[in-house]
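Undergrad: Have a look at this one.
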Amino acid sequence: QVQLVVSGGGLVQPGGSLRLSCAASGIFSINLMGWYRQCPGKQRELVAIISSGDTIGYADFVKGRFTISRDNAKRMVNLQMNSLKPEDTAVYYCKLSTFGGENYWGQGTQVTVSS
């Protein structure tokens, strides 16, 4: 049974930090692991992505502030978010893609940056 469990969202003040985690079970041959977000009134967008070979890409709006990492043994992907801004407020989703072309989304987690 495929399951993605996302944790780590919440309320934080501007300039603060949060760490999101996404743990997968029942999924094998994972290639890409990524984080997306959907800001209020906007479409879902890519935040960060990491390949099985540890090639990493970031959206320009998070470069230097967010760090993505993965633990292949645990089938987990993390997103360390520092220097958070109010415009980072969004629902964050993890997405896993296998070498076979299957895509799996985790449930969203709310991140709210507000004083």
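Since every read-out is calculated from the coordinates, none of them should be taken as a lab result. Remember, predicted model here, so these are calculated numbers, not experimental data. A quick note on method: Cβ atoms are made from the backbone with ideal geometry, for glycine too, and the neighbour counts reach across all protein chains shown.
Undergrad: Can you give the extra length, in nm with one decimal, that the chain gains between residue 13 and residue 85 once fully stretched, where that is 0.36 nm per residue apart less the Cα-Cα distance?
TA: Full extension of this stretch gives 25.1 nm more.
Undergrad: Report Rg (one decimal) and Dmax (nearest whole number) for the chain, counting Cα atoms only, units Å.
TA: 13.5, 44
Undergrad: Using the Cα centre of the chain as origin and beta-carbon charges of +1 (Lys, Arg) and -1 (Asp, Glu), tell me which of 32, 12, 69 is placed farthest towards the positive end of the dipole.
TA: 12
Undergrad: Can you run phi through the Karplus equation (6.51, -1.76, 1.60; θ = phi - 60°) for segment 75-84 and list ³J(HN,Hα) in whole Hz, with x for Gly and Pro?
TA: After applying 6.51 cos²θ - 1.76 cosθ + 1.60, I find 6, 10, 10, 10, 9, 8, 10, 10, 6, 5 Hz.
Undergrad: Something else about it: So what J values fall out for segment 47-60 if you push phi through Karplus, 6.51 cos²θ - 1.76 cosθ + 1.60 with θ = phi - 60°, rounded to Hz, Gly and Pro as x?
TA: Each residue of segment 47-60 in turn: 9, 7, 8, 9, 8, 5, x, 6, 6, 10, x, 10, 5, 4 Hz.
Undergrad: Which of the aspartates and glutamates could a cross-linker span from residue 63 if the Cα-Cα distance has to be under 13 Å and same-chain partners fewer than 8 positions apart are dropped?
TA: Straight-distance partners of residue 63: 88.
Undergrad: Which whole-angstrom value gives the distance between the alpha carbon centres of segment 9-43 and segment 90-115?
TA: Spelled out, the Cα-based centre of one part sits 5 Å from the other.
Undergrad: What residue among 110, 78, 97 has its Cα farthest toward the positive end of the dipole of the chain, where the charges are +1 on Lys, Arg and -1 on Asp, Glu, each on the Cβ?
TA: Looking along the dipole axis, the top candidate is 110.
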